[in-house]
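Engineer: My questions will all concern the structure given below.
The values are calculated or read from the model by the stated rules, or taken from the named source; none is laboratory data. All of these numbers come straight from a predicted model, not from anything done at the bench. Cβ coordinates were reconstructed from backbone atoms using ideal geometry, including for glycine residues, and neighbour counts include every protein chain displayed.
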Amino acid sequence: MSIAAYDAYARQLETLVTDVAAGRWSRVADDVTHALNGQASAELRRMVSRADRRASGSFFTTGGVRQSYEQLLTRSTASVRSRVIWDPTCGGGDLLIAGTAQFLLGATPAETLTVWNRRVRGHDLHNPFVTVARMRLVLAVLERHRAVGSDAPLTEQRWRNAFPQVQVGDGLNALRQVSNSRGFGGQLLLNPPYGMDAALPGCTWSTGKTSLAATFTAQASAAMAPGGKLFAVLPDVLRSGSRYRAWRGQLTERLVLEEIRPHGLFDDHTDVDVFLLSAVRRAGGHPGAAAWWPPSAATTNRSIADHFRVGVGPVVDNRDPHDGPEVPYLTARELPGQGKMDLPLRRRRFDGRLLNPPFVVMRRTSRPGQGAKGGARGTGILIQGDQPVAVDNHLIVAEPLTGGAARCQELLEVLDGPKVVHWLDERIRCRHLTVTVVRSLPWD
Ligand SMILES: C[S@@+](CC[C@H](N)C(=O)[O-])C[C@H]1O[C@@H](n2cnc3c(N)ncnc32)[C@H](O)[C@@H]1O
């Protein structure tokens, strides 16, 4: 079930194009609708194993996230209707199809192709994806002509050679080459792979394993000429994770951020929260203020850090030796959904930093809008007792600077309040709460 298996779907689309290019719509009109809406993604799941999809970062933009993406384009592109669009990791072509929706039609499908062939660029590493993208673009042309009653037949020679700039190739390399020349002044459409890989040589904002999505976006921003536009679907961790602060800084130096919109889960099959970004390449000058978070989540008067020392639990269980004193050991497993708890029964030897109760812990992994065991997202649990505790690193710990248990009780109420729950969902939609985010939660 490697990606080569997807070639069967590419062949199926060629058969469909044969029919509609010859004007034989009657039995296949529904098939065309499916081919343009979600089928490419469903067939990918059916034909290619999850392991191969993950390894290659192949998740096509469909359903709700594609609709949001189309709205993002519509809000922004009135002035750039005549530009070239380019998806350097085009997959089955969903972003390109969304991008061509703004293009005007010629008098016939053949005339439209003459113009659009020059205006649509795409790269992907996998040949079946490229063929599927090209055939779906041809179907989009034919369907739009049919909708307005100008559906003249298209010769096989024309559709087989359509969209020649949608090619097999390494999009990262292509972006790099463009950034070394005059730059790309059109619209870059981007939903890159989300896996991790080594940061590129010379990268100034990361070292070691880094999100490929961050690498692609940074390279895309470098490839854009002044006035060029970027429309991206990206994993939410890039927007909200402290690990990517320097990446955000670099992007803000190069781009004016026009819109940043948290979306939620990519789709029902892909457990990753994403956000949508539209931006324009600066002509130069000074960076403006970047609104990586909605205004309600961006600033607060007083924050939790004014009253608590916030950090991650010190114990990395599979790495830290079982040396030192045997002490109560707190992990996420024994935590109740909310409220208070006494010292855990679980014990462990640990010679690192121990924490003295009372303190509050929060789970680092929690989904937007909900928490574990019935608690709200970000709910804290007050730990009380008279012995020092070893705390696992899957928990965030807040130790009161002053005020002891009473201050901790106040924190529980603050964390469960609607303001914090809303603030968290706006500011950080990815699974992991981070210390930076918890520190800056609004206190009042
Ligand atoms: C998350 S999918 C998105 C596809 C498409 N942009 C969309 O939104 O539907 C990422 C795509 O990037 C492709 N890809 C991964 N690395 C690439 C590279 N270095 N150059 C070009 N394409 C790449 C994968 O094959 C996959 O189709």
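Engineer: Can you tell me how many residues within the range 173-187 are free of Cβ contacts under 8 Å to residues at least 60 places away in the same chain, closer than 15 Å to residue 87 by Cα and more than 16 Å from the ligand (Cβ to nearest atom)?
Structural biologist: Residues flagged as free of Cβ contacts under 8 Å to residues at least 60 places away in the same chain, closer than 15 Å to residue 87 by Cα and more than 16 Å from the ligand (Cβ to nearest atom) within the range 173-187 amount to 0.
Engineer: Restricting to the range 239-266, name every residue that is within 21 Å of residue 71 (Cβ to Cβ) and in contact with a helix residue (DSSP H, G or I) (Cβ under 9 Å, 6 or more places away or on another chain).
Structural biologist: Here is the first cut: in the range 239-266, the residues within 21 Å of residue 71 (Cβ to Cβ) are 239, 255-266.
Scanning the range 239-266 gives 239, 255, 257, 258, 259, 260, 261, 262, 263, 264, 265, 266.
Engineer: Considering only the range 155-172, I want to know if a residue exists there that is acidic (Asp, Glu), away from the ligand (no atom under 11 Å from the Cβ) and modelled with pLDDT under 95.
Structural biologist: Looking only at the range 155-172, we keep the residues that are acidic (Asp, Glu), and these are 156, 170.
Now restrict to residues that are away from the ligand (no atom under 11 Å from the Cβ): 156.
Add one more test, that the residue is modelled with pLDDT under 95, and what stays is none.
Checking the range 155-172: not a single residue is acidic (Asp, Glu), away from the ligand (no atom under 11 Å from the Cβ) and modelled with pLDDT under 95.
Engineer: Take the conditions under 25 Å from residue 273 (Cβ atoms) and at pLDDT 90 or above and apply them to residue 416. Does it pass? Break it down into steps so the answer makes sense when it comes.
Structural biologist: On the way: under 25 Å from residue 273 (Cβ atoms): yes; at pLDDT 90 or above: no.
The answer is no for residue 416.
Engineer: So, one more: Which ones in the range 318-351 are within 35 Å of the chain's Cα centre (by Cα) and on the phi > 0 side of the Ramachandran plot?
Structural biologist: Across the range 318-351, the qualifying residue is only 339.
Engineer: Let me ask something else about it. The conditions are (1) in a loop (DSSP other than H, G, I, E, B); (2) away from the ligand (no atom under 16 Å from the Cβ), and residue 142 fails exactly one of them. Which is it?
Structural biologist: (1)
Engineer: Determine which member of the set 61, 15 is of a type in the set (Ser, Thr, Tyr) and assigned to a helix (DSSP H, G or I). Working first, answer last.
Structural biologist: Values: 61 fails: assigned to a helix (DSSP H, G or I).
When all the criteria are applied, what remains is 15.
Engineer: Identify all residues within the range 93-122 that are touching a Ser or Thr at 6+ places or on another chain (Cβ under 7 Å), within 16 Å of the ligand (Cβ to nearest atom) and not aliphatic (A, V, I, L, M); write none if there are none. Lay out the reasoning, then the answer.
Structural biologist: Here is the first cut: in the range 93-122, the ones touching a Ser or Thr at 6+ places or on another chain (Cβ under 7 Å) are 94-95, 102, 105-108, 116, 120.
Pick out the ones that are also within 16 Å of the ligand (Cβ to nearest atom) and you get 94-95, 120.
Hit for the range 93-122 is 94, nothing else.
Engineer: Okay, next question. Name every residue in the range 123-139 that is in a strand (DSSP E or B) and more than 14 Å from the ligand (Cβ to nearest atom), in order of residue number. Explain how you work it out, then say what you get.
Structural biologist: Step one: list which residues in the range 123-139 are in a strand (DSSP E or B), which gives 123-124.
Of everything in the range 123-139, nothing turns out to be in a strand (DSSP E or B) and more than 14 Å from the ligand (Cβ to nearest atom).
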